Amino acid sequence: MSIFTRIFILITTLAITSSCGTPNVLSEVSNKETDEAYLIDAKSDLDDMEWDSTISIVTGKMSSGYQSRRDVKMILASAYAGKCGLLFFDLIQGMTNNAATEMFKYFMGIWGGKTVDPDSCELAIGVLQGIGTAAERTTNENLFLALLGVARIGTNLSAQLDSGDHNGAMDADATVCHEDGTGTLTQWKDAPDPIPGANYYRATFGLPPAGKTKYMSTANIKRVASGLGLILENMASLTDALGGGTTIGALGDLSDACDDAMSAITGVATSCATMTTPAAVSSEMVYAMRFMMDSAEFGFGTCSIANSVTFISNFATFTPPVPADLCCPTTSIPGAP
């Protein structure tokens with residue numbers, strides 16, 4: 001049995017009841033304006049992929065008490081996820097047909113040619129996280145959140161970096177290193193080097209490349225980072241679904257690299273698995289995600305993440321020249337002058 005067959009079987013066991021055959025049941029409900037009748041309508045619309053109608057029924061017609069039911073939360077989360085672009089058949093197909101080995105390319109490539117709405121993924125995640133902690137949620141709920149972590153990463157990357165041709169690859173006029181197209185918000189400042197007589201940082205590290213009209217804002221990066229956090233938080237459920245394999249191994253490598261990068265920047269041991277909401281993502285994590293997405297190992301560039309981590313760790317004693325394989329060299333390091 002392939003890993004994709006395993007994940008599909010587990011997905012179909014989520015607490016989302018199929019509404020096939022519900023019209024006959026509905027006809028037997030004398031009062032069509034009860035929570036029970038609305039539940040049947042919501043299930044039917046969910047099966048028909050009528051996302052907005054499903055959402056409207058749950059949030060606008062059901063009583064607050066009924067909305068708190070676990071099965072109703074799963075229906076609402078599924079509708080938001082579908083609106084976001086997370087369709088399980090498409091997800092499996094995208095994972096199967098995706099030839100990328102670098103994880104961020106892989107995540108974005110899943111959504112090549114798809115219409116995405118990252119804001120709806122945020123709403124789906126919020127509903128599921130509202131059920132409780134990972135320990136309080138079921139295995140399938142945690143699996144759903146792990147897949148939403150994949151969607152949180154992929155749909156945000158797709159919306160920001162692949163908005164031109166939607167072919168699953170980063171557009172030529174896109175950058176992951178800077179906050180805006182000009183790079184002025186994240187470039188090195190005009191502070192002098194700590195070395196007497198040396199050039200300014202900006203002169204030493206260079207200016208952001210010109211002609212970049214697509215970019216990742218801090219808010220976008222925080223979503224990507226917390227998407228990774230969701231995957232790592234729920235790795236056990238994802239591993240059970242995938243049965244191990246190269247995807248799990250690659251995620252483990254990405255997790256280790258993220259922890260190493262954060263430790264190098266902050267000077268203390270840090271786990272990226274704890275950052276499961278955008279609000280929990282620090283400025284140091286934003287920078288770490290930028291240069292991981294620029295790396296040859298995990299992202300869209302050709303630089304070395306290992307050598308970049310070493311450089312950051314030893315930045316206090318930096319002397320020119322800048323290493324040729326430094327990731328996002330024109331992006332200032334948090335805390336640097």
Subject >> Sorted peptide list for 283-292, 152-161, 171-180, 68-77, criterion being average Cβ within 10 angstrom, highest first >> reply: 152-161, 283-292, 171-180, 68-77
Subject >> Linear extension gain, ALA203 paired with THR246, 0.36 nm per residue minus alpha-carbon span >> reply: 11.3 nm
Original post:
Rounded to the nearest 0.05, what FRET efficiency is calculated for SER283 and THR317 with R0 set to 25 Å and r the Cβ-Cβ distance?
Top reply: 0.65
**OP:** Work out from phi, with θ = phi - 60° and the Karplus expression 6.51 cos²θ - 1.76 cosθ + 1.60, the ³J(HN,Hα) of each residue of segment 47-63, listed in order in whole Hz, and give x for Gly and Pro.
**Re:** 4, 8, 6, 8, 5, 5, 5, 4, 4, 5, 5, 5, 8, x, 10, 6, 5
**OP:** Could you pull out the pairs from LYS189/LYS222; LYS73/LYS105; LYS83/LYS214; LYS32/LYS83; LYS43/LYS83 whose alpha carbons sit more than 20 Å apart here?
**Re:** LYS189/LYS222; LYS73/LYS105; LYS83/LYS214; LYS32/LYS83
Subject >> Å² of accessible area per residue within segment 135-265, as computed with a 1.4 Å probe and no ligands counted >> reply: 37 Å²
Original post:
Rounded if a/c is under 1.5, else prolate if a/b is larger than b/c, else oblate: which is segment 270-323, with a ≥ b ≥ c the root eigenvalues of its Cα gyration tensor?
Top reply: oblate
Original post:
Length gain on complete extension for the stretch ALA324 to THR182, per 0.36 nm per residue less the alpha carbon to alpha carbon distance?
Top reply: 48.9 nm
Original post:
Roughly speaking, to the nearest percent, how much of segment 247-286's 1.4 Å accessible area is carbon and sulfur?
Top reply: 53 percent
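The values are calculated or read from the model by the stated rules, or taken from the named source; none is laboratory data. Nothing here was measured: the structure is a model prediction, and the numbers come from that model. When we count neighbours, we look across all protein chains shown, and the Cβ atoms used for this are built from the backbone with ideal geometry, even at glycine. Heads up: the accessible areas ignore ligands, DNA and RNA and are worked out on the full protein's heavy atoms, side chains in. Shrake-Rupley method; radii C 1.70, N 1.55, O 1.52, S 1.80 Å.
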